[in-house]
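Novice: Here you go, one structure.
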Amino acid sequence: MLEQTAEVINTASDGIWVRAVEPSGCGTCGGQGCASRRIAELFQRKPRHFLVDCDLSLSPGDRIVVGIVRGSVLKSALRVYGLPLGLMLTGALLAQAVQPGDGPALVGMLLGGMAGWLVARGGRPVRPVVLRREDVNLLHMKKG
């Protein structure tokens, strides 16, 4: 399971909206005086919000750990990149076999690429799930 710390932005009927919490540049500290953190802030991207499945009672500002299944990243990449590329090549080869020449191959490649793009867009996106709260108060835990 791939995990990432996130902050709850808003709640919705079908889940919660979260924003990924970006670590410092090197990922080891969040210190204010850290030079790598300052450099990372210069090139920081616009924050992205994600809809996450959740069974917990959370409110905006809560920090949580979200996760997705490891294989889902590879499957999504193959669907988004591999399928259109494969259909582009297949379309070009089929068009070349039916009518030799560069023009038909180009048309077949474009048609195959568009078909792959449409099929890839139609897939169900993978939604992360909330694994646990990050802000667990460790002071109340008893030694036992």
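Bear in mind these aren't lab numbers, they're just calculated from the coordinates by the rules spelled out. What you are looking at is a predicted structure, and each value in this text was computed from that prediction instead of being measured. Positions of Cβ are backbone-derived with ideal geometry, glycine not excepted, and every protein chain shown enters the neighbour counts.
Novice: Starting from the amide H of residue 62, placed 1.01 Å from N in the peptide plane, find each other amide H under 5 Å away whose residue is 5 or more places distant or on another chain.
Specialist: 8
Novice: How big is the C-alpha Rg of the range 72-121 next to the rule-of-thumb value 2.2 N^0.38 Å, as a ratio?
Specialist: Compactness ratio reported: 1.22.
Novice: Can you tally the net charge around residue 115? Count Lys and Arg as +1, Asp and Glu as -1, for every other residue whose Cβ sits under 14 Å from the Cβ of residue 115.
Specialist: Values: positive: 79, 121; negative: none.
Here the count lands on +2.
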